[in-house]
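S.K.: This is the structure, below, for whatever I ask next.
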Amino acid sequence: MQDADAACAELDRCLAAGHVGVEIGNHVGDSDLDAAGVGDVPPARGRRSAPVFVHPWDNAGLAAAGRWMAQWLVGMPAETHLSLLAMICGGVFDRVPAS
């Protein structure tokens, strides 16, 4: 994900091997999916017929995260929503080419 060209080449390799889609994390280090470079990968998906599943990871620390599995029940959905917000407000979907 840090290198959009390499990520797109890997997507092409996966599709050629028979996979129907790929999974990526919801951020790279401190960069969300709308960041320069990182945000160039999801639009590349628009030029291919492949779904991209965005999986949350490394969720934000919550004071009660250890209780009731809150890191999974609250943290992961929050990470997913923050990623969608970054992609929508960051203009990622505006950069997807029309098919």
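S.K.: Could you list, in sequence order, all residues of the range 30-57 that are farther than 12 Å from GLY90 by Cβ, at pLDDT 80 or above and not in a strand (DSSP E or B)?
M.R.: ASP30, PRO51, PRO56
S.K.: Right, another one. Can you name the residue in the range 67-99 that is assigned to a loop (DSSP other than H, G, I, E, B) and modelled with pLDDT of 70 or more and is also surrounded by the most Cβ atoms within 10 Å (Cβ to Cβ) among such residues? Don't jump to the end; show me each part of the working.
M.R.: If we filter the range 67-99 for residues that are assigned to a loop (DSSP other than H, G, I, E, B), which is where we start, we get 67-69, 90-92, 96-99.
Still in the running and modelled with pLDDT of 70 or more: 67-69, 90-92.
On the way: ARG67: 10, TRP68: 10, MET69: 11, GLY90: 15, GLY91: 12, VAL92: 22.
Once the filter is applied, the top-ranked residue is VAL92.
The values are calculated or read from the model by the stated rules, or taken from the named source; none is laboratory data. Please read these numbers as outputs of a predicted model, since none were measured by experiment. Because the Cβ atoms are built from the backbone with ideal geometry, glycine has one as well, and the counts that use them run over all protein chains shown.
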